[in-house]
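Laboratory data are not the source of any read-out in this text; all were calculated from the coordinates shown. Computed from a predicted model, the values in this text were never measured in an experiment. Cβ sites come from the backbone with ideal geometry, for glycine too, and all protein chains shown count toward neighbours.
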Amino acid sequence: MPYVIVARDLAPSDVAVLPHGSVAALLLEESGPTSHTVILARAMGVPAVVGCAGALRVPEGAVVLVDGDTGQVRVAPTAAELARTTGRRAAHGPATYRPGRTADGCPVALLANIGSLRDLPAAVGCGAEGVGLLRTEFLYLGRRARPQVAEQRDAYRTVLDAFPEGQVVVRTLDAGADKPLAFLPPARHEPNPALGVRGVRAYAAHPEILTEQLAALAEAAAGATARLGVMAPMVTTVEEAERFVRACHDAGLPWAGVMVEVPAAALRARDLAEVAEFFSIGTNDLAQFTFAADRQLGGLGPLGDPWHPALLDLVALVAEASARAGRQCCVCGEAAADPALACVFAGLGVTALSMAPAALGAVRRALAGHTLDRCRAAAAAARAATGAQAARAAARALLPALGDA
Ligand code: PEP
Ligand code: MG
């Protein structure tokens, strides 16, 4: 019988070793909704409710309903509540595997976020059209030395071969902040590591990291049929983007893009679009920096709500700049997995969405239930609101096919 794990917090490494199929849900007093602990759990299809004050008071052995979509938790539910929840699961039915499209046929590519090779079967099984975000840290974390080029090449090739007709977007190493690496210590103590030498900033002091990773990617791509995109995390300036794109081209990798996770990058996306060949918006970090709210702090979760019109305005700027330059614009943060928000992103002009494989079915159904004009109207209504809750309510009122799921 699967059980619910109740804890103050868990590290991403604790979640990575949970036995498959035995955990029904996580209920944590701390941790934020976009922490890497929650991202990993979702990738494994385990719902999580975090920042839940009083969770540790749930008596051992109690029956608990945990709704990872709404954040609701019910201890000792009635028989009727239990039946309703299990009925709702069944009502979702088997996933359909058509490519992502709005009701009037506008394509929105539905891609998977992959945090390790373990996630690949679920991504293929849930009908992903490719990979929108391969978090390559899994090759580096917990190691005393950098992984060899050959080991990296084999891992990347496995992912490329899983989507022979699709696209695979690989993010180069995003070390630092909550993902420190033993062999890549910061040069000096960083009081605010989320704002420190992380992501693309770390490559200047350790050029071999990027050179080897790009060499491994180029070797993996040789002979593969999937379209390989390579993108840099935490890009802030045009100069960083230029350096990265040049390094990719020099390595023989023709499709090089940037993640938009820093508000400055979103605000000046039109400049970046001159250089970057595609964009992928990381709403987890973009929200953290836009609202100055640490994504690891459960208590600040509501402040980092991606429905806030400030975040939607930034996404709109990036989507508009991408459209003008004819570039792909993906959202690969956790926000893409919210079916209503996915419709809003499509309405803002986002052309691809990447998410935990388990979320693909619901997002595919949400898009298929609404025309692009509907999505645009929902996006406009959300941006006209003054706060996250009002934005969500205004958009949902215009997206009837979502029901009350
Ligand atoms: C993001 O910041 O939204 C993102 C996708 O990257 P990560 O969650 O790995 O920081
Ligand atoms: Mg990020």
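Among Ala382, Ala256, Gly369, whose Cα sits farthest toward the positive end of the charge dipole of the chain (+1 at Cβ of Lys/Arg, -1 at Cβ of Asp/Glu, about the Cα centre)? Selected residue: Gly369. Note on Asp104 and Gln72: the model spin-label points, each 7 Å out from Cα along the C-beta direction, lie 3.4 nm apart.
Once the C-beta distance of Ala182 and His206 is scaled by a Förster radius of 22 Å, the resulting FRET efficiency is 0.95 to the nearest 0.05. For the range 125-163, trypsin sites (Lys or Arg not before Pro) meeting the loop criterion (DSSP other than H, G, I, E, B) and having at most 10 other Cβ atoms within 10 Å: Arg144. Between the range 9-77 and the range 334-374, the C-alpha centres lie 24 angstrom from each other. Report the residue, chosen from Leu141, Leu286, Leu27, that carries the largest GNM mean-square fluctuation when the chain is represented by alpha-carbon nodes joined by springs under 10 Å. Highest fluctuation among the options: Leu141. Among the GluC sites (Glu not before Pro) in the range 230-315, those located in a DSSP loop and surrounded by at most 12 other Cβ atoms within 10 Å of their own Cβ are Glu274.
Counting charges near Glu151 (Lys, Arg +1; Asp, Glu -1) among other residues having Cβ under 12 Å from its Cβ returns a value of +1. At an R0 of 41 angstrom, the distance between the Cβ atoms of Glu239 and Leu56 translates into a FRET efficiency of 0.30. Given +1 at the Cβ of Lys and Arg, -1 at the Cβ of Asp and Glu and no other charges, the dipole of the chain around its Cα centre is 580 debye to the nearest 20.
Restricting the range 131-238 to chymotrypsin sites (Phe, Trp or Tyr not before Pro) that sit in a DSSP loop and have at most 12 other Cβ atoms within 10 Å of their own Cβ leaves Phe183.
Multiplying the residue separation of Val124 and His249 by 0.36 nm and removing their Cα-Cα distance gives an extension gain of 42.1 nm.
Just checking the listed ones, Met355, Met259, Met44: in the Gaussian network model of the chain with Cα springs under 10 Å, the one fluctuating most is Met44. Using a Gaussian network model of the chain in which every pair of alpha carbons under 10 angstrom is joined by a spring, one finds that among Ala48, Ala269, Ala16 the greatest mean-square fluctuation is at Ala16. Evaluated with a Cβ-only charge set (Lys, Arg +1; Asp, Glu -1), the range 241-390 carries a dipole of roughly 360 debye about its Cα centre, given to the nearest 20. Between the C-alpha center of the range 191-222 and that of the range 253-273 there is a gap of 17 Å. Principal axis extents of the Cα atoms in the chain, from largest to smallest and rounded to whole angstrom, are 62, 48, 41. Charging the Cβ of each Asp and Glu at -1 and of each Lys and Arg at +1, and nothing else, the dipole of the range 221-326 about its Cα centre rounds to 200 debye. With neighbour counts taken as other beta-carbon atoms within 10 Å, the residues Glu165, Glu60 rank, fewest first, as Glu60, Glu165. The per residue volume of the convex hull around the alpha-carbon atoms of the range 209-271 is 81 Å³. For the pair His189 and Ser13, a Förster radius of 30 Å applied to the C-beta separation gives a FRET efficiency near 0.85, rounded to the nearest 0.05.
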